[in-house]
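Visitor: Below are the structure tokens for one structure; questions will follow.
The values are calculated or read from the model by the stated rules, or taken from the named source; none is laboratory data. Computed from a predicted model, the values in this text were never measured in an experiment. Quick reminder, even Gly has a Cβ in these numbers, built from the backbone with ideal geometry, and neighbours come from all protein chains shown. We work out accessible area using only protein heavy atoms, side chains counted, and drop any ligands, DNA or RNA first. Shrake-Rupley method; radii C 1.70, N 1.55, O 1.52, S 1.80 Å.
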Amino acid sequence: MIICCFLIERRMIVSNTFNTINEIKEELRRVTEEEKVKIAFFGQPGAGKSSLINEIVGEEVSQVSSFTDTTDDAEPYEWNNLVLMDLPGYGTEMFPKETYWNQFKIDEYDLFLCVLSGKWHDADTEFFNKLKNKGKVCIFVRNQSDNLFDKRKPIDQIKAEIKVDISLQIHIKTDDFELIFTSCKTGEGIDGLIKKIDDCLDSSKRECWERNAKAHSIEFLSKKKEACSKLITLAAGASALNGLNPVIGTDIAIDMGIMVNLSKQLQKNYGISDEKLKEMSLLKEYDYVFQIINRVLKYASTDGINAVLKAVMKNEVPKKIVKIIPFVGQAISATAGFALTYYIGKQMRDDFHTLAESILKNELDVNA
Ligand SMILES: Nc1nc2c(ncn2[C@@H]2O[C@H](COP(=O)(O)OP(=O)(O)OP(=O)(O)O)[C@@H](O)[C@H]2O)c(=O)[nH]1
Ligand SMILES: [Mg+2]
């Protein structure tokens, strides 16, 4: 039995108990490939369901249209470990009520977002009641809040009146449900919606959500950093125990391919495309992160990882890694490899984090 229990920088990290290296690899595969957060969006045509999906992933994955009822092909969008479904109208000629639930595999979704922008359709009430009866969690979103204006009323009153209207429609008291106001045009409420979804998920799905949803605030970016920890521990453990490639100047062997994959995964989780990296390396205002970009580019290949390892061994061995080895003492030799892979994994995560923070601060400044 291999117990993944390591002393790193004087802190004990217990990741899990695995019987074999294959179990660690299987858990890594499950977390990176199999585990999904599935969210379905429903509500009136043109309310902004596709636009909200795009805000959540930070990319234009869903087609936004000025024509209503664009969504008639009804395919979910898969983005990293998120499955986001822009559901078509409930009970239409094309999608009758009788077959709707099974046709769209409604039972498989973790969460539902009812998106509104004006008129409320009876079909939405009917679908919501069905969800409620089946114990499904539904979040109400009033999108296009940038269009709310009445010169005779303050904005808070307008919002309160909208909530009362919805309350009457769904027969739930206003104090017993939350209504989130969002705007895909100004960004209002998007971070709040992402945090609300976070709160509604159970703990393992929450980690997956935090790793994959776009951060619209520094606070959510910090949650992302924490959520990536498990990934680093698993990949570092698998890489160390699967030791294939000797690390020059040591008796340590690690699997560099696993570390390259970890880097790709972290890059995806932080939403930094290769194009963005290239763009950043050319921009003057990003001068201070230039060193980090250089290192991040190295993580993408085994040769590059080798170069990073060399630098780490040269600079960090005396200070950090050797200090760790006595603590693990008589543990399996792979443990020394773990100290190294875990160190590199954390460095990768921190580098992507710094880049993502710099991109986000820029975006927040532009939208301010
Ligand atoms: N002003 C404003 N316009 C928005 C907002 N969100 C979306 N829109 C616009 O509303 C229109 C419809 O947006 P979609 O995201 O395609 O709406 P949808 O609910 O997916 O529409 P269907 O799939 O056709 O049901 C587009 O022209 C969007 O640009 C918003 O917050 N404010
Ligand atoms: Mg749509």
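Visitor: Being more than 16 Å from ligand 1 (Cβ to nearest atom), buried (at least 17 other Cβ atoms within 10 Å of the Cβ) and assigned to a loop (DSSP other than H, G, I, E, B) is the filter here, so list the residues in the stretch 102-132 that pass it.
Guide: Correct list: 109, 110.
Visitor: Report, by residue number, each residue of the stretch 265-306 that is modelled with pLDDT under 90 and within 21 Å of residue 252 (Cα to Cα).
Guide: Scanning the stretch 265-306 gives a single hit, 306.
Visitor: Within the stretch 35-58, can you find the residues that are assigned to a strand (DSSP E or B) and more than 9 Å from ligand 2 (Cβ to nearest atom)?
Guide: 37, 38, 39, 40, 42, 43
Visitor: Further question: Looking at this structure, is residue 243 at positive phi and modelled with pLDDT under 95?
Guide: Spelling it out, it is not the case that residue 243 is at positive phi and modelled with pLDDT under 95.
Visitor: Could you grab me the full set of residues in the stretch 243-258 that are open to solvent by 40 Å² or more (accessible area, probe 1.4 Å) and assigned to a loop (DSSP other than H, G, I, E, B)?
Guide: If the condition is that a residue be open to solvent by 40 Å² or more (accessible area, probe 1.4 Å) and assigned to a loop (DSSP other than H, G, I, E, B), then 244, 248, 249, 250, 251 are the ones that fit.
Visitor: Moving to a separate point now. Yes or no: residue 261 in the same structural domain as residue 337 (by TED's automatic domain parsing), open to solvent by 20 Å² or more (accessible area, probe 1.4 Å) and at pLDDT below 95?
Guide: no
Visitor: Would you be able to say whether some residue in the stretch 175-193 is within 17 Å of residue 267 (Cα to Cα) and open to solvent by 20 Å² or more (accessible area, probe 1.4 Å)?
Guide: Within the stretch 175-193, not a single residue is within 17 Å of residue 267 (Cα to Cα) and open to solvent by 20 Å² or more (accessible area, probe 1.4 Å).
Visitor: Scan the stretch 229-240 for residues that are buried (at least 24 other Cβ atoms within 10 Å of the Cβ) and not hydroxyl-bearing (Ser, Thr, Tyr) and jot them down.
Guide: Those that are buried (at least 24 other Cβ atoms within 10 Å of the Cβ) and not hydroxyl-bearing (Ser, Thr, Tyr): 234, 235, 236, 237, 238, 240.
Visitor: Restricting attention to the stretch 22-42, report how many residues are open to solvent by 10 Å² or more (accessible area, probe 1.4 Å) and modelled with pLDDT of 85 or more.
Guide: 12
Visitor: With the requirement that a residue be buried (at least 21 other Cβ atoms within 10 Å of the Cβ) and out of contact with any strand residue (DSSP E or B) (no Cβ under 9 Å at 6 or more places or on another chain), what does the stretch 195-220 give you?
Guide: 207, 210, 211, 214, 215, 216 - these are the residues of the stretch 195-220 that are buried (at least 21 other Cβ atoms within 10 Å of the Cβ) and out of contact with any strand residue (DSSP E or B) (no Cβ under 9 Å at 6 or more places or on another chain).
Visitor: Among the residues of the stretch 268-283, what is the count of those that are part of a loop (DSSP other than H, G, I, E, B) and more than 26 Å from residue 210 (Cβ to Cβ)?
Guide: Residues in the stretch 268-283 being part of a loop (DSSP other than H, G, I, E, B) and more than 26 Å from residue 210 (Cβ to Cβ): 1 in total.
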